């Protein structure tokens with residue numbers, strides 16, 4: 001996963017440079033290995049049902065997927081998902097909900113919005129055109145986000161201020177458009193009229209992108225892809241270069 005211009009290494013990359021262990025897991029559909037934080041965990045519940053566990057905190061056995069929703073649902077329809085889960089869990093006595101893809105998408109959205117809310121409360125997220133523009137021109141913005149229904153003029157003005165602050169004029173760098181409107185963002189942040197958002201801390205930007213990239217990758221959010229085409233420094237969803245997955249790495253756990 002590529003990272004913003006302001007923060008050259010992803011969290012797994014930085015952890016590796018520090019000599020820290022970066023957990024990896026194998027996707028049960030593709031068989032490919034990626035850092036666990038870039039995948040979605042599926043947990044086996046006590047009732048024998050498979051449920052999404054995007055925060056990877058549910059107890060008991062689980063397995064991992066690293067494909068977009070369309071690929072997941074195709075694998076589910078063909079029985080490939082059930083077969084992969086059975087091998088990873090060493091158990092075939094489980095049920096998969098028909099709407100698993102929708103449940104995962106809802107959890108990924110909730111996790112991203114909750115992360116934004118936490119950053120707002122900790123002071124690493126700011127909103128409001130004037131505050132963001134001032135911070136951007138001072139080179140303090142690490143990530144720029146816009147609601148789905150944000151006006152084009154407002155997005156362009158803040159993006160220009162960001163480029164000026166980063167001495168990056170002419171690059172075409174833009175903020176990322178989120179797949180939710182201002183009302184949804186306002187409710188998540190507990191603020192009125194949250195249209196434009198900026199993250200002013202590099203680690204906070206990493207935390208937000210860890211959630212946002214999984215959400216956008218899983219849903220195939222095209223507005224983000226359009227933004228990345230015009231911004232060579234913008235992050236890419238997990239494993240975009242190879243049919244939605246990263247190259248296989250060394251042996252890793254299928255489940256835990």
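Each reported figure results from applying straightforward, stated rules to the coordinates on display, with no laboratory input. Note that this is a predicted model, so its numbers are computed, not measured. Positions of Cβ are backbone-derived with ideal geometry, glycine not excepted, and every protein chain shown enters the neighbour counts.
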**Request:** Compute the separation of the alpha-carbon centres of region 77-110 and region 142-166 and state it in Å as a whole number.
**Result:** 38 Å
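Please list 37-47, 87-97, 159-169, 206-216 highest first by mean number of surrounding beta-carbon atoms within 10 Å per residue. Provide the component values of the computation, followed by the final result.
Numbers: 37-47: 19.3, 87-97: 13.8, 159-169: 17.5, 206-216: 23.2.
Result, highest mean Cβ count within 10 Å first: 206-216, 37-47, 159-169, 87-97.
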**Prompt:** Say each of residue 74 and residue 193 gets a label point 7 Å from the Cα, pointing the same way as Cα to Cβ; how far apart are those two points in nm?
**Reply:** 4.5 nm
**Message:** Using a Debye calculation, one point per C-alpha and no hydration shell, please list log10 I(q)/I(0) for region 12-103 at q = 0.15 Å⁻¹ in order.
**Reply:** -0.56
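Taking only the Cα atoms of region 17-174, how large is their convex hull per residue, in Å³? Don't skip to the answer; put the middle values down first.
Working: hull volume 28.2 nm³, N = 158.
Per-residue hull volume (Cα only) is 178 Å³.
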**Request:** With a point put 7 Å past each Cα toward its Cβ, work out how far residue 131 is from residue 202 in nm, to one decimal.
**Result:** 2.4 nm
**Request:** Compute the Rg/Rh shape ratio of region 106-230: radius of gyration over Kirkwood radius, all on alpha-carbon atoms.
**Result:** 0.93
**Asked** How long is the gain from residue 106 to residue 148 if the chain were fully straight, where each residue apart is worth 0.36 nm and the alpha carbon distance is subtracted?
**Response** 13.4 nm
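Given a Förster radius of 45 Å and the C-beta distance between residue 92 and residue 118 as r, what FRET efficiency does 1/(1 + (r/R0)^6) yield to the nearest 0.05? Mind dumping the intermediate values first?
Working: r = 39 Å, r/R0 = 0.86.
After rounding, the FRET efficiency stands at 0.70.
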